[in-house]
1. Every residue in region 158-179 that is in contact with an Asp or Glu (Cβ under 9 Å, 6 or more places away or on another chain) and either in contact (Cβ under 8 Å) with a residue 60 or more places away in the chain or assigned to a helix (DSSP H, G or I) (or both), please.
2. For region 122-153, enumerate the residues that are in a helix (DSSP H, G or I) and polar (S, T, N, Q).
3. Part of a helix (DSSP H, G or I), more than 16 Å from the chain's Cα centre (by Cα) and surrounded by fewer than 14 Cβ atoms within 10 Å (Cβ to Cβ): does that describe residue 96?
4. With respect to residue 239, determine if the residue is out of contact with any helix residue (DSSP H, G or I) (no Cβ under 7 Å at 6 or more places or on another chain), hydrophobic (A, V, I, L, M, F, W, C), modelled with pLDDT of 95 or more and open to solvent by 30 Å² or more (accessible area, probe 1.4 Å).
5. With the condition kept exactly as written, say whether any residue in region 217-228 is assigned to a loop (DSSP other than H, G, I, E, B), surrounded by 18 or more Cβ atoms within 10 Å (Cβ to Cβ), hydrophobic (A, V, I, L, M, F, W, C) and touching a residue at least 40 places away in the same chain (Cβ under 8 Å).
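The values are calculated or read from the model by the stated rules, or taken from the named source; none is laboratory data. Since this is a predicted model, take the numbers as computed values, not measurements. FYI the Cβ positions are ideal-geometry reconstructions off the backbone, even for glycines, and counts take in every protein chain you see. Note: areas computed on protein heavy atoms with side chains; ligands, DNA, RNA excluded. Shrake-Rupley method; radii C 1.70, N 1.55, O 1.52, S 1.80 Å.
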Amino acid sequence: MKPIDQVRETAERISSMEIRGAGRIATAAAASLKEYALSVQAESLDDLNQKAAQAADLLLKTRPTAVSLSNAIRMVMKYEAEEIDDARKAIAINADRFIENSRRAVEKIGQIGSRRIRDGDTILTHCNSNAAISVISAAHRSGKKIQVIATESRPRFQGITTIGMLDQMGIETELIVDSAVRTVMNDVDLVVVGADVITANGTLVNKIGTAQIALCAREARTSFMVAAETYKFSPMTILGELVTIEERDATEVLADISRYRHVRVRNPAFDVTPHQYIDLICTEAGAIPPEMSYLIIRERLGWDMEEESI
């Protein structure tokens, strides 16, 4: 397989959601760029730089909403070199650093977030988030007796992956259809969800259905926590850019849509939860109120207002 074909294969797996979840998408892209940089033939440093940028752009276009993807690519591609070999090594080092930091971030988020869970709590989670599951599993490992309610997370049913992971950990779990959230919310002590994007003012963009869960939690006075690595925060929102909400194929919702003459299907993959509905964002840098998101972008991501996106 040619190096660029390997990148295309990774891009297709991300686009088709074979690789799903913001963190997994980011680390897969970083690993793909590393392998590409180490194996692609290049006649000069400029040639390598151009080819690496093209590979990065190919990956970047796969999931327009996931800021983790653009942040990962930006971090991997932030290098300076005077020789081809130095450039290859720099990209590989950046990729390895990003992947390792991502792994450590999830562990740290679990340690911090689990302190918010009390013995006997019932936690509701949505979709399939490594960071959210890290919070839940850390509480379980600490000896707290907890129960989890997981949504199916239609139309891709990521909740089935979640209950499988929780089952392997020995955590008592109930699976519900997404529309049953308000019915069970009075039995819930804490909602823990992941994030695809967090904006400069602390607004959350996450799996479709998250905003409805947050609204139900607020009405029921149930705490709502977001578990997110700092690379889920969107630097471009400081500059006023809006987050693109990805619309996916109608057949994910209605497989035989072609038989209907007067019906169309809307399939937005994400929705927007206002920061006012979020009690806490748990990151590897600490547990913060949504209003501190701007500082995470400026200080943790090192974003400069002058800086251009990829």
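1. Just the residues of region 158-179 that are in contact with an Asp or Glu (Cβ under 9 Å, 6 or more places away or on another chain), to begin with: 158-160, 163, 166, 173, 175-178.
Answer for region 158-179, where residues must be in contact with an Asp or Glu (Cβ under 9 Å, 6 or more places away or on another chain) and either in contact (Cβ under 8 Å) with a residue 60 or more places away in the chain or assigned to a helix (DSSP H, G or I) (or both): 158, 159, 160, 163, 166, 178.
2. Restricting attention to region 122-153, the residues satisfying the condition of being in a helix (DSSP H, G or I) are 130-141.
If the condition is that a residue be in a helix (DSSP H, G or I) and polar (S, T, N, Q), then 130, 134, 137 are the ones that fit.
3. Values: part of a helix (DSSP H, G or I): yes; more than 16 Å from the chain's Cα centre (by Cα): yes; surrounded by fewer than 14 Cβ atoms within 10 Å (Cβ to Cβ): no.
Judged against the criteria, residue 96 is not a match.
4. Details: out of contact with any helix residue (DSSP H, G or I) (no Cβ under 7 Å at 6 or more places or on another chain): yes; hydrophobic (A, V, I, L, M, F, W, C): yes; modelled with pLDDT of 95 or more: no; open to solvent by 30 Å² or more (accessible area, probe 1.4 Å): yes.
It is false that residue 239 is out of contact with any helix residue (DSSP H, G or I) (no Cβ under 7 Å at 6 or more places or on another chain), hydrophobic (A, V, I, L, M, F, W, C), modelled with pLDDT of 95 or more and open to solvent by 30 Å² or more (accessible area, probe 1.4 Å).
5. Let us first name the residues in region 217-228 that are assigned to a loop (DSSP other than H, G, I, E, B), namely 220-222, 228.
Within this subset, residues satisfying the condition of being surrounded by 18 or more Cβ atoms within 10 Å (Cβ to Cβ) are 222, 228.
So of that shortlist, the ones also hydrophobic (A, V, I, L, M, F, W, C) come out as 228.
Narrowing the set further to residues that are touching a residue at least 40 places away in the same chain (Cβ under 8 Å) leaves 228.
Within region 217-228 (the criterion being assigned to a loop (DSSP other than H, G, I, E, B), surrounded by 18 or more Cβ atoms within 10 Å (Cβ to Cβ), hydrophobic (A, V, I, L, M, F, W, C) and touching a residue at least 40 places away in the same chain (Cβ under 8 Å)), the answer is yes, since at least one residue qualifies.
Let's see how each residue does on (1) part of a helix (DSSP H, G or I); (2) modelled with pLDDT of 95 or more; (3) within 24 Å of residue 226 (Cα to Cα); (4) open to solvent by less than 20 Å² (accessible area, probe 1.4 Å):
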position: 24; (1), (2), (3), (4): yes, no, yes, no
position: 33; (1), (2), (3), (4): yes, yes, no, yes
position: 51; (1), (2), (3), (4): yes, yes, no, no
position: 54; (1), (2), (3), (4): yes, yes, no, no
position: 59; (1), (2), (3), (4): yes, yes, no, yes
position: 63; (1), (2), (3), (4): no, no, yes, yes
position: 70; (1), (2), (3), (4): yes, no, yes, no
